[in-house]
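A.B. asks: This structure is in structure tokens; I'll ask about it shortly.
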Amino acid sequence: MTAPSPGLDIHFEGVVHLYPSDEGDVVALRGVDLDVEAGEEFALLGPSGSGKSTVLALLAGLHRPSAGRIRLGEYDLGRLSNRQLLRLRAAEVSLVLQDPARNLLPYATAAQNVEFSQRGARARGHRPPWGAVELLEQLGMGQLAHRTVATLSGGEQQRVAIATGVAPAPRLLLVDEPTSQLDTQNRDQVIALLRDINQRLGATVVSVTHDPAVGAAMPRTVTIRDGRIGAEGRRGQEFAVVGKDGSVQLPPDVLDLMPPGTLVRVRRHATGVDLSNSELETDDL
Ligand code: ADP
């Protein structure tokens with residue numbers, strides 16, 4: 001399996017997203033800044049309702065941001081016409097939905113599903129560099145190629161669903177909750193498959209997950225809370241992120257000590273910066 005084209009780099013600048021509703025707009029993203037290098041693999045973590053699916057839908061070109069800018073490689077998503085967005089979705093960006101059944105035709109074989117997902121790319125003049133059986137073999141699923149999807153286990157269906165996402169040779173693979181409802185062994189196989197795709201195909205791979213095991217297995221994690229980037233994990237260590245406007249989201253355990261409205265002193269000294277709760281230090285004032 002050779003890399004047909006390099007992964008897409010991702011840049012979010014002050015991205016705001018609103019969903020209109022009868023009771024007023026729901027603010028799903030409140031100024032997201034995010035930079036991802038071409039060919040990176042990372043997981044987006046966060047509680048339900050924090051904005052993860054909205055980030056994924058924006059990356060997939062399914063919504064346009066209400067404000068701010070999203071750049072994917074050479075594409076400025078806000079400036080693409082509907083036709084250009086369709087082409088991007090058909091050929092360069094793949095979205096694997098959460099439930100494998102939503103990605104697959106149950107009465108077709110795994111290979112037929114892979115072929116089917118290559119059709120849209122072909123129709124838009126993009127030639128996937130591999131045949132369906134060849135791709136399944138390369139991804140360690142050759143034995144599933146001629147089996148009907150409905151007869152496969154949940155873990156096998158999830159791996160085939162990911163293969164259909166890879167089928168058009170995308171430069172960005174988006175995977176929503178890749179391990180939900182899988183046991184430990186199948187979960188580890190899916191994590192290994194995503195790693196393999198990232199390393200051999202060179203695609204940027206973004207997974208959205210609740211699963212701490214997936215987060216722990218990723219070289220980079222980004223935590224989103226209440227529509228803002230809260231923290232970044234690198235090799236198991238978590239860091240707060242300073243946004244482009246200078247704002248920092250405090251981790252929940254620190255927020256317990258410093259609830260919203262707390263006055264905080266920020267002091268620079270020779271070796272770094274101190275944050276302190278000013279009320280504990282009134283004698284100093
Ligand atoms: P997550 O994927 O982390 O669960 P979402 O991106 O789905 O979060 O949602 C972020 C916020 O936007 C939530 O408050 C959610 O209720 C709201 N939201 C998501 N989709 C819609 C929609 N189609 N209409 C109205 N509000 C929505």
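Conditions (1) within 26 Å of L62 (Cβ to Cβ); (2) among the basic types (K, R); (3) crowded, with 22+ Cβ neighbours inside 10 Å, marked per residue:
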{"site": "Q112", "(1), (2), (3)": "yes, no, no"}
{"site": "R124", "(1), (2), (3)": "yes, yes, no"}
{"site": "E137", "(1), (2), (3)": "no, no, no"}
{"site": "Q143", "(1), (2), (3)": "no, no, no"}
{"site": "S153", "(1), (2), (3)": "no, no, no"}
{"site": "V160", "(1), (2), (3)": "yes, no, yes"}
{"site": "L173", "(1), (2), (3)": "yes, no, yes"}
{"site": "D188", "(1), (2), (3)": "no, no, no"}
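A.B. asks: In addition: Is there any pair with a first residue in region 235-256 that is closer than 23 Å to E41 by Cα and a second that is surrounded by 11 or more Cβ atoms within 10 Å (Cβ to Cβ) and of a type in the set (D, E) whose Cβ atoms are under 6 Å apart and which are 6 or more apart or on different chains, and what are they?
C.D. replies: Between residues of region 235-256 that are closer than 23 Å to E41 by Cα and residues that are surrounded by 11 or more Cβ atoms within 10 Å (Cβ to Cβ) and of a type in the set (D, E), the close pairs are F239/E232; V241/E232; G243/D33; K244/D33.
A.B. asks: List pairs: first residue in region 36-50 and at positive phi, second residue within 9 Å of the ligand (Cβ to nearest atom) anywhere in the structure, Cβ distance under 7 angstrom, at least six positions apart or on different chains.
C.D. replies: G46/K52; G46/I224
A.B. asks: Could you list all residues from region 239-264 that are surrounded by 14 or more Cβ atoms within 10 Å (Cβ to Cβ), of a type outside the set (V, I, T) and either in a loop (DSSP other than H, G, I, E, B) or out of contact with any Gly (no Cβ under 8 Å at 6 or more places or on another chain) (or both)?
C.D. replies: Correct list: G243, Q249, L250, P251, M258.
A.B. asks: Shifting gears a bit: Counting residues that are within 15 Å of the ligand (Cβ to nearest atom) and out of contact with any helix residue (DSSP H, G or I) (no Cβ under 6 Å at 6 or more places or on another chain), which helices (runs of 4 or more DSSP H) fully inside region 52-109 reach at least 2?
C.D. replies: Details: elements: 52-59, 82-87, 100-103.
Per the criteria, 52-59.
A.B. asks: Could you list, in sequence order, the residues of region 26-39 that are away from the ligand (no atom under 12 Å from the Cβ) and either surrounded by 18 or more Cβ atoms within 10 Å (Cβ to Cβ) or part of a strand (DSSP E or B) (or both)?
C.D. replies: Looking only at region 26-39, we keep the residues that are away from the ligand (no atom under 12 Å from the Cβ), and these are 31, 33-39.
G31, D33, L34, D35, V36, G39 - these are the residues of region 26-39 that are away from the ligand (no atom under 12 Å from the Cβ) and either surrounded by 18 or more Cβ atoms within 10 Å (Cβ to Cβ) or part of a strand (DSSP E or B) (or both).
A.B. asks: Within region 78-96, can one find any residue that is under 22 Å from P212 (Cα atoms) and at pLDDT below 95?
C.D. replies: Yes, the conditions are met somewhere in region 78-96.
A.B. asks: Report whether or not L44 is near the ligand (Cβ under 10 Å from one of its atoms) and closer than 22 Å to Q98 by Cβ.
C.D. replies: For L44, the condition - near the ligand (Cβ under 10 Å from one of its atoms) and closer than 22 Å to Q98 by Cβ - is met.
A.B. asks: Are any residues in region 212-244 at pLDDT 80 or above and charged (D, E, K, R), and if so, which ones?
C.D. replies: If the condition is that a residue be at pLDDT 80 or above and charged (D, E, K, R), then R220, R225, D226, R228 are the ones that fit.
The values are calculated or read from the model by the stated rules, or taken from the named source; none is laboratory data. These figures come from a predicted structure and were not determined experimentally. Here Cβ is always computed from backbone atoms with ideal geometry, including for glycine, and neighbour counts include all displayed protein chains.
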